[in-house]
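> Here it is: the structure, laid out below.
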Amino acid sequence: MKPYQHIPIADCNEPLVALSSDLDSGIITIDPHPYMSLGAPYGDRSPFFVRQGILERLQKSQVYLQTLQPNWKIAIFDAYRPIPVQQFMVDYSFVQLVESKGLEIDSLTEDQKNSLNAEVMKFWAIPSQDPKTPPPHSTGAAIDVTLCSFNSSVGRIETIDMGSPIDEISDRSLPDYFANSSDEQEMEFHGDRQLLNEVMNHSGFVRHPNEWWHFSYGDQIWAWISHEKLAIYGGVR
């Protein structure tokens, strides 16, 4: 079990609401959605849904970002994730990790499987069907975000380079990976990660310890990090 999964949930029953990509409001959704492009089984559900309170906090964070970087926007990489999608992405990430190491799944030893699976699970939640231990993204309270800017000279949104891609299974994904670097580019990566954390913290979100992009409010991870006794968002089917 993950350390946050023992925290009880008293769901406040807020509805899921759609995130609409709107340049004027400042919240941008990344399209095409990366997991849908891989064939993840969303069915008739959309990844760009969150609980009502999460949307309101996102809007507050975006307003705050505008005071710090007027031409920058919050970009939503991923939000609501049904459990079958969570399972699909865990399996996909395991295969990708195996291939990246030049190994073949059919020839892995049990020790290798366990070691590789442990790497994957540092960054992916368990696709649990138990209502007491829902994956954070299945609650509608967890979001993967990055920063982007509007380039008026070319009339398009450009994603800010944060030093590693979202979902990369490596130490580069750790929020403070570049904190002690003296390299100018890497110092910029750290500064932008700090900015993202600041604007999300402004409206109450907390950041996942292993992922610079993952923020949540009201789920079990939030309760664990914030030393709250209860989570207020449980799984949504």
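Every number in this text was worked out from the coordinates using simple rules, so none of it is lab data. Given the structure is predicted, the values throughout are model-derived calculations rather than measurements. We place every Cβ from the backbone using ideal geometry, glycine too, and count neighbours over all the protein chains shown.
> Report the number of Lys pairs in the chain whose alpha-carbons are under 16 Å apart, with separation of 8 or more residues or on distinct chains.
6
> Of all beta bridges DSSP finds with both residues in the chain, what is the antiparallel percent, to the nearest 5?
85 percent
> Let me ask another. Mind checking the full-extension length gain between Asp91 and Asn71? Use 0.36 nm per residue of separation minus the Cα-Cα distance, one decimal, nm.
Numbers: separation 20, 0.36 × 20 = 7.20 nm, distance 3.77 nm.
Answer, rounded to one decimal: 3.4 nm.
> I've got another one for you. Just to be sure I understand the model, the point goes 7 Å from the Cα along the line to the Cβ. What's the resulting Gln194 to Gln112 distance in nm?
According to this spin-label approximation, the distance is 4.2 nm.
> For a test of the definition: using alpha carbon positions, the gyration tensor, and the 1.5 limit on a/c, classify segment 19-161 as rounded, prolate or oblate.
prolate
> Efficiency by 1/(1 + (r/R0)^6): what FRET value for Gln5 and Ser100, r their Cβ-Cβ distance, R0 = 41 Å, to the nearest 0.05?
E between Gln5 and Ser100, to the nearest 0.05, is 0.90.
> For segment 128-189, take the convex hull of the Cα atoms, compute a quarter of its surface area, and give me that in nm², please.
Details: hull surface 26.9 nm².
Spelled out: convex hull of the Cα atoms, projected over all directions, averaged, 6.7 nm².
> Select from Ser93, Ser203, Ser107 the residue whose mean-square fluctuation is largest in a Gaussian network model of the chain (Cα-Cα springs shorter than 10 Å).
Result for the chain, Cα springs under 10 Å: Ser107 fluctuates most.
> Calculate, for Ser182 and Asn210, the FRET efficiency according to 1/(1 + (r/R0)^6) with r their C-beta to C-beta distance and R0 22 Å; round to the nearest 0.05.
The computed FRET efficiency comes out at 0.35.
> Using a Förster distance of 25 angstrom, determine the FRET efficiency expected from the C-beta separation of Thr159 and Lys60, and round it to 0.05.
Computed FRET efficiency for Thr159 and Lys60 comes out at 0.70.
> Shifting gears a bit: Let me have the 222 nm mean residue ellipticity of the chain computed from DSSP H runs of 4+ only, each contributing -39500 (n - 2.57), with the sum over all residues rounded to the nearest 500.
-10500 deg cm²/dmol
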